[in-house]
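One structure is given here, and the rest of the page talks about it.
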Amino acid sequence: MKPKVIAVVGSRKVGKTTTAENLVKELTDRGYRVATIKHVSEQDFTVDTPGKDTWRYAQKGAKTIIIISPNEIATIEKGNTENVSLQTLLKKCRENDVVLIEGLKKQVARKTSIAKIAVVRSREETENALTKYKPILAFSGPFNTEDLIFKIPYADALKNPQKLAEIVEKRIREK
């Protein structure tokens, strides 16, 4: 079975990472295998540590570096990532029940196969999300959308991560 893919979307510094973190915890506590994809837009970002062996391999020209320790395996792939497709990233997560994506807004915005959790802090951001993202599975974040007349549930990932996890769990169980 292919994993269900859910994107956590919203503006900068609105709480997307916290929302995703709380969902990961709730879903793994319920026995689900969870993968995450995080888009980082800073040009000089690297998961590697300058000066360490793996970094030095890359400096000498290695395009793929695999690190294995007693508790994890990491693969660093060097190269231009501009044309890496969402499908390519999702294939790396295929052994999971659910994949949470944070970022990659342009790739996920109108993909109807990917449900979105819109993290919002105002009515304006809520209305913007409704026009920008399809479909929205739930709203979360500092602005409570419950008073607005939407058929989309609201679940605060900080105060009630269990409710948000229940909404996601229902989506996971859909065929």
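Here, each number is a calculation from the coordinates, and none is a lab measurement. Just so you know, these numbers come straight off a predicted model, no measurement behind them. We place every Cβ from the backbone using ideal geometry, glycine too, and count neighbours over all the protein chains shown.
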With +1 on the Cβ of every Lys and Arg and -1 on the Cβ of every Asp and Glu, the dipole magnitude of the chain about its Cα centre, in debye rounded to the nearest 20, is 580
Sorted on mean Cβ neighbours within 10 Å (highest first), peptides 158-166, 24-32, 100-108, 87-95 come out as 100-108, 158-166, 24-32, 87-95
A convex hull over the alpha carbons of segment 60-147 yields, per residue, a volume in Å³ of 164
Between the alpha carbon centres of segment 23-65 and segment 78-108 the gap in Å comes to 13
Taking placed amide H atoms and a strict 5 Å upper bound, the residues 5 or more places from Lys78 or on another chain that come that close are Thr64, Ile65
Charge tally for neighbours of Pro3 with beta carbon under 9 Å away, counting Lys, Arg as +1 and Asp, Glu as -1, is +2
Scoring segment 64-162 by relative contact order with C-alpha pairs under 8 Å, at least six apart, yields a percentage of 17
Heads up, segment 114-175 by the C-alpha gyration tensor (a ≥ b ≥ c square roots of eigenvalues; a/c under 1.5 rounded, else a/b over b/c prolate, else oblate) looks oblate
Unit-weight point scatterers at every alpha-carbon of the chain, Debye formula, q = 0.08, 0.10 1/Å: log10 I(q)/I(0) is -0.28, -0.44
In the structure shown, of Lys2/Lys111; Lys63/Lys106; Lys116/Lys159; Lys2/Lys105; Lys38/Lys163; Lys91/Lys151, the pairs separated by more than 25 angstrom at the C-alpha atoms are Lys63/Lys106; Lys91/Lys151
So, relative contact order of the chain in percent, Cα under 8 Å, 6 or more apart, is 32
Checked against the positive end of the charge dipole of segment 1-155 (+1 on Cβ of Lys and Arg, -1 on Cβ of Asp and Glu, about the Cα centre), the farthest of Val24, Val108, Leu137 is Val108
Within the under-14-Å Cβ sphere about Arg33, not counting Arg33, Lys/Arg +1 and Asp/Glu -1 give a net charge of +1
Full extension between Asp44 and Ser122 adds, at 0.36 nm per residue less the Cα distance, a length in nm of 24.9 nm
Karplus-derived 3J(HN,Hα) from phi for segment 130-138 (6.51 cos²θ - 1.76 cosθ + 1.60, θ = phi - 60°), whole Hz, x at Gly and Pro, runs 4, 8, 8, 10, 9, x, 9, 7, 7
For segment 1-47 the translational diffusion coefficient, Stokes-Einstein from a Kirkwood Rh over Cα pairs at 10 °C and viscosity 1.306 mPa s, in µm²/s, is roughly 127
Long-range amide H partners of Ser122, meaning residues 5 or more apart or on another chain whose placed amide H is closer than 5 Å, are Phe143
